[in-house]
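Structure record follows, encoded as structure tokens.
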Amino acid sequence: PAYFNDKQRRATKQAGELAELKVERLINEPSAAAVAYGLHQKEDEKKFLVFDLGGGTFDVSILELFENLLEIRAVAGDNFLGGEDFDECLIKYFLKHFNIEQGFLNSKDFSAIKKQAELCKIALTNNDESKMTCFIDGKNHELTITNDKLREISEDLLLKLKKPLLRALKDVSMKVQELDEIVFVGGSTKMPVVRSFVAKLFGRLPLSHLNPDEVVAIGAGIYAAMKERNELLRETVLTDVCPYTLGVDVAMVNQFGGFDTGVFLPIIERNTTIPCSKVERLYTLYDNQTAIRVGIYQGESRRVKDNLKLGEIDIYVPPAPSGHSAVDVRYTYDINGILEVEITSLATGERKREVIINSGSEMTKEEVERRLKELEKIKIHPRDNEKNRYLLEKAERLYQETLSDLRLRISSAISEFEAALDRQNQEEIKIESEKFENFLKQIEDEGF
């Protein structure tokens, strides 16, 4: 599942090894599904949403295809939502209809009701109605369930499905109308109530001609062939994103002039395309502080205590008034699940480093170091990028050569572009860079 965190991914890798498989790389199920449907072979630029509802988990991924690049733009989901929850709705409705208290049922009777709920749900896949029949306390209980009734009693579950869908779209600032295809994955997407709900939500019928139970395995097989560079397959690059935010713990000034500690500061936010590298500057909290401890965390909560701790690094800083000594914290995250954290003391130049293998990668220490060396080129602040630096220098020159309102327009455009560079979001910078370049060209063409 795309929404699995570090521990869950590592456990998945270990499960593969216990099955005597050589685990070379973990890929998200929705990515495999996209490949199975041949979305990677489309000629034009396309946007897809993969809706993956299994027995116990729900995942949604938004993918974008552009010039042979199949890029995952966003992932969201719920690790505790799936087909079993619809079974539970049927069980509760059955007990309520016959006024049966669950606490008074023995395990055999409850298991029978549970089995009937599952069979009823499956039968409703191809029929408009089905029956739940159980013999309890010498009495036969029979209840007819229609798809309309299942839709009614599972309304809360359908609303829970909607939240991750909207969050994923919001994360990439995308509207429903911009999606070219919706893909169904997972056995629970066979349910008519789920299909009609999604079709109504998106205003179209999702792709479902492949068996949703097999589509991930088919995609994994195709991707394995791609990895072997099978000449019959069109060469495609498959990118990934961070499923969870990576950050550090900091202290923030509160409204009373004191400090709130244990606050989570995101550095690489969820759904950032990887590989990526970002840096943040942190300052000392107290007068004459001689060390800064940087806690490394993964998660979405505002408080670090509710997130997953991956490690910590201590680094020396020279004694000085609070806020005068600082360190740069750089996170570099790779598609192989390698997180490199570098802490640099601005005053002394000392650098400390920790490498965390988030996905339980099988790479050797030498392979990890080789990969991190390859990523050196992305370890620069966007302000230091040659093209961005050139655009800023050009804008400064135009500012000096103009007057009045035009000078104010250029100043505003510079500030807007610099703000985008400081946010270090590559997708945003790409858009803002093109916009800034066109603006400067327009100024030149107008001859001031």
Worksheet, complete the sentence: Rounded to the nearest Å, the spacing of the alpha-carbon centers of the range 174-203 and the range 124-149 is 27 Å
Response to the item:
Phi-derived 3J(HN,Hα) across the range 258-265 with the Karplus relation (6.51, -1.76, 1.60, θ = phi - 60°), rounded Hz, x for Gly and Pro, is x, 10, 9, 9, x, 8, 8, 10
Fill in: Hits among lysines - C-alpha to C-alpha of K47 under 16 Å, sequence gap 8 or more where chains match
K170, K175
Response to the item:
Shape call for the range 152-208, from the Cα gyration tensor axes a ≥ b ≥ c (a/c under 1.5 means rounded, otherwise prolate when a/b beats b/c, else oblate), comes out oblate
Fill in: Under Karplus coefficients 6.51, -1.76 and 1.60, residue-wise ³J(HN,Hα) of the range 138-153 in Hz, glycine/proline x
x, 10, 8, 10, 10, 9, 8, 10, 9, 5, 5, 5, 4, 4, 5, 7
Worksheet entry | Largest-first ordering by accessible area, 1.4 Å probe, given options H97, H141 | H97, H141
Worksheet, complete the sentence: When the charge dipole of the chain is computed with +1 on Lys and Arg Cβ and -1 on Asp and Glu Cβ about the Cα centre, the Cα farthest towards its positive end, among P192, N425, F110, belongs to F110
Fill in: Dipole of the chain [Lys/Arg +1, Asp/Glu -1 at C-beta], most positive-end residue of T290, N147, H324
N147
Practice prompt. Give the shape of the range 189-307 as rounded, prolate or oblate, defined through the alpha-carbon gyration tensor: a ≥ b ≥ c are the square roots of its eigenvalues, a/c under 1.5 means rounded, and otherwise the shape is prolate if a/b is larger than b/c and oblate if not.
Written response: oblate
Worksheet item: Taking Cα atoms, how many degrees apart are the long axis of helix 107-123 and the longest axis of the chain, rounded to 10 and kept between 0 and 90?
Response: 80 degrees
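Might you tell me the accessible area per residue for the range 135-257, computed with a 1.4 Å probe and given in Å²?
Value for the range 135-257: 55 Å² per residue.
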Item to complete: Compute the acute angle (0 to 90°) between the alpha-carbon long axis of helix 365-374 and the principal axis of greatest extent of the alpha-carbon atoms of the chain; round to the nearest 10°.
Response: 60 degrees
Practice prompt. Would you mind calculating the relative contact order of the range 243-341 from Cα pairs under 8 angstrom and at least 6 residues apart, reporting the percent as a whole number?
Written response: 30 percent
Discussion item. Starting from 0.36 nm per residue, how many nanometres of slack lie between N385 and V355 once their C-alpha separation is accounted for?
Written reply: 8.3 nm
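Charges only on Cβ, +1 for Lys and Arg, -1 for Asp and Glu: so what's the dipole of the chain about the Cα centre, in debye to the nearest 20?
Numbers: 62 positive and 77 negative charges, 161 e Å.
Dipole about the Cα centre, nearest 20: 780 debye.
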Worksheet item: Using alpha-carbon positions, what is the distance between the centroids of the range 306-341 and the range 290-305, in Å?
Response: 9 Å
Fill in: Estimated FRET transfer efficiency when R0 is 30 angstrom, pair V253-E376 (beta carbons, to 0.05)
0.25
Fill in: Nearest 10 degrees, 0 to 90: helix 83-97 Cα axis against the chain principal axis
40 degrees
Worksheet entry | Three-way shape call for the range 264-403 based on the alpha-carbon gyration tensor, with the a/c threshold at 1.5 | oblate
Response to the item:
Of every hundred units of 1.4 Å-probe accessible area on the chain, the number belonging to carbon and sulfur atoms, as a percent, is 49 percent
Worksheet entry | Over 18 Å (Cα to Cα) - which of K115/K160; K92/K115; K309/K365; K163/K430; K160/K200; K163/K278 fall in this group | K115/K160; K309/K365; K163/K430; K163/K278
Response to the item:
Under a 1.4 Å probe, counting only protein heavy atoms, R303 has an accessible area in Å², nearest 10, of 60 Å²
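The values are calculated or read from the model by the stated rules, or taken from the named source; none is laboratory data. Quick caveat, the model's predicted, so the values are computed rather than measured. With ideal geometry, Cβ positions are generated from the backbone for all residues, glycine too; neighbour counts draw on all protein chains shown. Accessible surface is based on the protein model in full, side chains and every heavy atom, while ligands, DNA and RNA are left aside. Shrake-Rupley method; radii C 1.70, N 1.55, O 1.52, S 1.80 Å.
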